[in-house]
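Single-structure report; data block below.
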Amino acid sequence: MATGTGDATNSRYLLLETLGEDGSAWRGRDPRTGRDVLLRRLMPPQEFDTGVLQRMRRDAQAAHGLRRPDLITVHDWFHDEDGLPWAVMEFARGRSLAEIVRGEGPLPPVEAARIGARVAAVLAAAHEAGILHRGLRPSMVFLADGRVTVTGFGLAAGRDATVTSDLRALGATLRTAVEGRPASGRSRPSSRTGVLGPVLRDLMGEDPSRQPTAEQAAAALGALVSSPAAARTRPGLTRRRLLLAAGVAVGVTAGGAAAHFFSSGGEEPRSPRWDHAPASDGPPLTGQAEEIWTMAFSPGGRILATGDGDIVRLWDLGGRAQLGGPLISHTGTVWSVAFSPDGETLAVAGDGEAVSLWDVETRIRIGDPLAGHTGGVGQVAFSPDGRTLATCGDDGTVRLWDAATRAQIGRPGSGHSFLASALAFSPDGGVLATGGTDRTLRLWDAGTLALKRPPLTDGTAEIHALAFGPDGRTVATCSGDGSDQRDTASLWDVSGASPAVRPLAGGSDSVWSVAFSPDGGVLAVGEGTASGGRILLWDMASRSRIGHPLTGHGGPVTQVAFSPDGALLASAGLDRTIRLWRP
């Protein structure tokens, strides 16, 4: 087949440049999406047979099904005219661990442990699903802006591969990182391994009883990163950052980007019962300088991010205190914050026509802001797989961004006649819902921003907040024009050909915010006026109110959010306080 620059493969992908020395890997372009891809030509030895190739494809498809933001998987296969198989995957930005070690020399043991903990978490999720990597090595681990991604599932033959060989390969990869040269099998680790030495010996040793599982390895490596010894080797590492690292690591070790600290066994979270009088969980969290307009739980449920005025604060919910001072300064009012599904990145949107991304652990901004809107950005959200960011703003447009490269994807979606003020992904990531001051609810294809149906409206008032139910069929909206008579929370059934809307009767104040419990059984609605605010809880099965309203805010409740396990409800408002509630 043709293998020159600009040649087409399989009439679908353009070859742009060769990678590596053997010419088997190429950076290519998918003309349908405009995105760069990695194409790898598999040249199996003579002993490969159809069964082996079929098994490689099954491995790749199974890994793709894990849908982790720290995992780059094969998403297409084809055979060229010579009968050789090609695999197509996302083009990994950044540099491989092999390139970094080759260009910059050995890594400090603690940094290698940080990388190893992320790789081990990917292996743990794969092993739990019955998937082997079969060829892990430094060239399969990529780093960009501090984030770690793993590739290569389904690309290696590995006839005799086992869980044990995967874990030995992890140990060899980390040993190469700290020693600066490939690990030579059974040779004794050098003194360069430092605090990594005991973990490497267990991973690469001959005694299978001492070899940890991938999950245990992730925990052991993570502990090295946050240990006092590690703190002494990392200048500037504070207790605040150690707390943040712990909050993030729990979510990673749990085995998935969508996993969280309180879940177990990979099952969907089940919310506690909110069908009796909830109680305030201690005094409110105070210290905000201005009104609070946005709030989000971290995926692990231990950190709460809030925006008041032009700053963002992070709260340790275990200690009920701020994690240090204000996290960042933003240009103008902060209207929206969102954690990535792995908890490592915080997106911040507001006035100023741009969205900034921040590394939660280091509190360092990642690259340049996402610029493109011609007015303030009202909402930002990560897709469930963490690969895409969606934004909507005062210019009435909806935009998609590649979370890894920070580049805008395709053309913006237009149609809202004025402000697009509310936005949410469906649970499966296939649909993006937006609402605006033009009184319409719009459902977009989350990959192309093509409208999936004509705009929906009940003709009453502007939509300024919305939430997708966990079933993916229900969208809750709150709308109003500032007059209590026209402010409502409504439920839209968007699953059928003729979507239906049903207002929730019973509120008496202006409606500001809505949130579903993780299991979809309860809807929280934030209301209020200048004289005070309250939260109404609705049973979704019976569409009836649960108990008495939750009161205490001295102004409108602008935000409500359930923790990932559903055991905590947070509310925030114009009285500059955050209140926590338990069933």
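The values are calculated or read from the model by the stated rules, or taken from the named source; none is laboratory data. Note that the structure is a prediction, hence the values are computed from the model and not measured. Heads up, the Cβs are rebuilt from the backbone with ideal geometry, glycines too, and the neighbour counts pull from every protein chain shown. Just the protein is used for accessible areas: all its heavy atoms, side chains included, with ligands, DNA and RNA removed. Shrake-Rupley method; radii C 1.70, N 1.55, O 1.52, S 1.80 Å.
Quick notes on this one:
- Meets criteria (open to solvent by less than 50 Å² (accessible area, probe 1.4 Å), at pLDDT below 80 and not hydrophobic (A, V, I, L, M, F, W, C)) for residue 59: yes
- Taking the conditions (1) under 26 Å from residue 71 (Cβ atoms); (2) among the basic types (Lys, Arg); (3) open to solvent by 40 Å² or more (accessible area, probe 1.4 Å) in turn, residue 411 satisfies each one other than (1).
- Within the range 296-319, residues that are over 18 Å from residue 350 (Cα atoms) have Cβ atoms under 6 Å from residues that are β-branched (Val, Ile, Thr) in these pairs: 300/250, counting only partners at least 6 apart in sequence or on another chain.
- Number of residues in the range 288-318 that are small (Gly, Ala, Ser), farther than 15 Å from residue 337 by Cβ and modelled with pLDDT of 85 or more equals 3.
- The residue pairs whose first member lies in the range 526-544 and is in contact (Cβ under 8 Å) with a residue 60 or more places away in the chain, whose second member is open to solvent by 40 Å² or more (accessible area, probe 1.4 Å), and whose beta carbons are closer than 9 Å, counting only pairs six or more residues apart or on different chains, are 537/275; 537/545; 537/547; 539/275; 539/545.
- Residue within the range 548-559 that is touching a strand residue (DSSP E or B) at 6+ places or on another chain (Cβ under 6 Å), open to solvent by 50 Å² or more (accessible area, probe 1.4 Å) and either of a type in the set (A, V, I, L, M) or not in a loop (DSSP other than H, G, I, E, B) (or both) present: yes
- Exactly one residue out of 477, 529 is modelled with pLDDT of 90 or more and hydroxyl-bearing (Ser, Thr, Tyr): that is 477.
- Residue within the range 319-327 that is open to solvent by less than 20 Å² (accessible area, probe 1.4 Å) and touching a Ser or Thr at 6+ places or on another chain (Cβ under 8 Å) present: no
- For the range 441-461, the set of residues classified as open to solvent by less than 20 Å² (accessible area, probe 1.4 Å), at pLDDT 85 or above and in a loop (DSSP other than H, G, I, E, B) consists of 446, 449, listed by residue number.
- Residue check for residue 119: open to solvent by less than 10 Å² (accessible area, probe 1.4 Å), in contact with a Gly (Cβ under 9 Å, 6 or more places away or on another chain) and of a type in the set (Val, Ile, Thr): no
- Residue 92 vs. criteria of a type in the set (A, V, I, L, M), crowded, with 18+ Cβ neighbours inside 10 Å and under 27 Å from residue 193 (Cβ atoms): yes
- For the range 296-318, a tally of residues being charged (D, E, K, R), open to solvent by less than 20 Å² (accessible area, probe 1.4 Å) and under 19 Å from the mean Cα position of the chain (by Cα) returns 0.
- Search result, residues across the range 515-547 that are open to solvent by 40 Å² or more (accessible area, probe 1.4 Å), under 20 Å from residue 280 (Cβ atoms) and assigned to a loop (DSSP other than H, G, I, E, B): 531, 547
- Restricting attention to the range 11-56 and to residues that are open to solvent by less than 70 Å² (accessible area, probe 1.4 Å) and assigned to a loop (DSSP other than H, G, I, E, B), the residue that is modelled with the highest pLDDT turns out to be 34.
- Residue in the range 63-81 that is assigned to a helix (DSSP H, G or I) and either under 26 Å from residue 29 (Cβ atoms) or not aromatic (Phe, Trp, Tyr) (or both) present: yes
- The range 401-420 - residue that is farther than 14 Å from residue 442 by Cβ and in contact (Cβ under 8 Å) with a residue 40 or more places away in the chain and, of those, farthest from the chain's Cα centre (by Cα): 410
- In summary, residue 464 fulfils each of the numbered conditions (1) assigned to a loop (DSSP other than H, G, I, E, B); (2) open to solvent by 50 Å² or more (accessible area, probe 1.4 Å); (3) more than 30 Å from residue 94 (Cβ to Cβ) with the single exception of condition (1).
- Identification of helices (runs of 4 or more DSSP H) wholly contained in the range 104-216 with 3 or more residues that are touching a residue at least 60 places away in the same chain (Cβ under 8 Å) and not β-branched (Val, Ile, Thr) yields 109-128, 163-179.
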